[in-house]
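See structure below.
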Amino acid sequence: MTRRVYFCFDHDDIASARATVVRQHFRSMNGSEAGFFDLATWNNASKSGELAVKNLIDNGLEGTSATCVLIGTATFSQEWVRYEIFRSIARGNRVFGVHINQIPSAGARVKPNGPNPFDFLALKFSDDGTSVEPTEYVGNAWIQFDRYPPYRLSAIAVASRRGHVVQLSDIGCETFSWSNQDSATSMSSWVD
């Protein structure tokens, strides 16, 4: 079954063509994609304000079942990537990351993998396990992510998470490397 996947990324990775490599491969699998907003569309929404950007992202996520975070050098620090991740989790998408810095750029250069964004994002579970507050690691502390409000869970969290801040990397947000694994054949299993 073909799944519709939302891609989120740092727009600098489009300029280097790394994100495009993954996108084109996914298309070749007859995958249905969302979230690949060109820079003009993104800039127009940004100029219109926060609500316009949120609407662009929320509408892009409609009908998707998975969210792929294309991880470059600065992806972890991008505020709107953080929103896309939290929004994806809240709507029940499978969320995973793919390191793309090992894909050669136009100049055939590769870079070390960027930081894992799931290490810098977490959910703060309520004491009763019925709700979560999206949080981000800033400085030396976990603080509320102000672009996404706390929300109720559809099922009560397991006892070990109640009252705790749990990093997304510890609750099922996996990462893969495009070059270190057989990416061409693995993409479909990453999506599922």
Expressed in nanometres to one decimal, the distance between label points 7 Å along Cα→Cβ at Asp58 and Val166 is 2.6
Whole-percent tail of the Cα-Cα distance distribution for the stretch 69-186, cut at 26 Å, equals 25
Lys and Arg at +1, Asp and Glu at -1: neighbours of Ala122 with Cβ under 12 Å from its Cβ sum to -1
Note, the stretch 150-158: 3J(HN,Hα) by Karplus (6.51, -1.76, 1.60, θ = phi - 60°), whole Hz, Gly/Pro = x, goes x, 8, 7, 8, 6, 9, 5, 5, 4
Under 5 Å from the placed amide H of Ser131, counting only residues 5+ away or on other chains, we find Ser126, Leu153
Exposure proxy check on Thr130, Thr73, Thr67: fewest-to-most Cβ neighbours within 10 Å is Thr130, Thr73, Thr67
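Per 0.36 nm of contour for each residue apart, how much would the distance between Leu153 and Asp128 grow if the chain were fully extended, relative to their Cα-Cα spacing?
Working: separation 25, 0.36 × 25 = 9.00 nm, distance 1.10 nm.
Gain on extension, Leu153 to Asp128, equals 7.9 nm.
Please tell me the relative contact order of the stretch 58-106 in percent, rounded to the nearest whole number, where contacts are Cα pairs under 8 Å and at least six residues apart.
Numbers: 46 pairs, mean separation 24.2, N = 49.
Relative CO of the stretch 58-106 lands at 49 percent.
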Here the net charge surrounding Arg18, from other residues whose Cβ is less than 14 Å away from its Cβ (Lys, Arg +1; Asp, Glu -1), is 0
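List the relative contact order of the chain as a percent without decimals, with contacts defined as Cα pairs under 8 Å and 6+ residues apart.
Working: 333 pairs, mean separation 40.8, N = 192.
About 21 percent, as a whole number.
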Cross-link reach from Lys124 to lysines, straight Cα distance under 26 Å and at least 8 residues apart if same chain, gives Lys54
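Helix hunt in the chain: which complete DSSP H runs extend at least 15 Å axially by C-alpha with mean Kyte-Doolittle at least 0.0?
Working: long enough: 18-28 (16 Å, -0.79); 50-61 (17 Å, 0.30); 79-91 (18 Å, -0.44).
Those that pass (Cα extent of 15 Å or more, hydropathy at least 0.0) are 50-61.
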HN-Hα couplings for the stretch 130-142 via Karplus (6.51, -1.76, 1.60; θ = phi - 60°), in whole Hz with x for Gly/Pro, come out as 9, 8, 9, 10, x, 10, 9, 8, 10, x, 10, 8, 8
For Ser131, the net charge from surrounding residues (Cβ-Cβ under 15 Å; K, R +1; D, E -1) works out to +1
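Rule-based calculations on the coordinates, nothing more; no lab input. For clarity, every value in this text was computed on a predicted model and none was experimentally measured. When we count neighbours, we look across all protein chains shown, and the Cβ atoms used for this are built from the backbone with ideal geometry, even at glycine.
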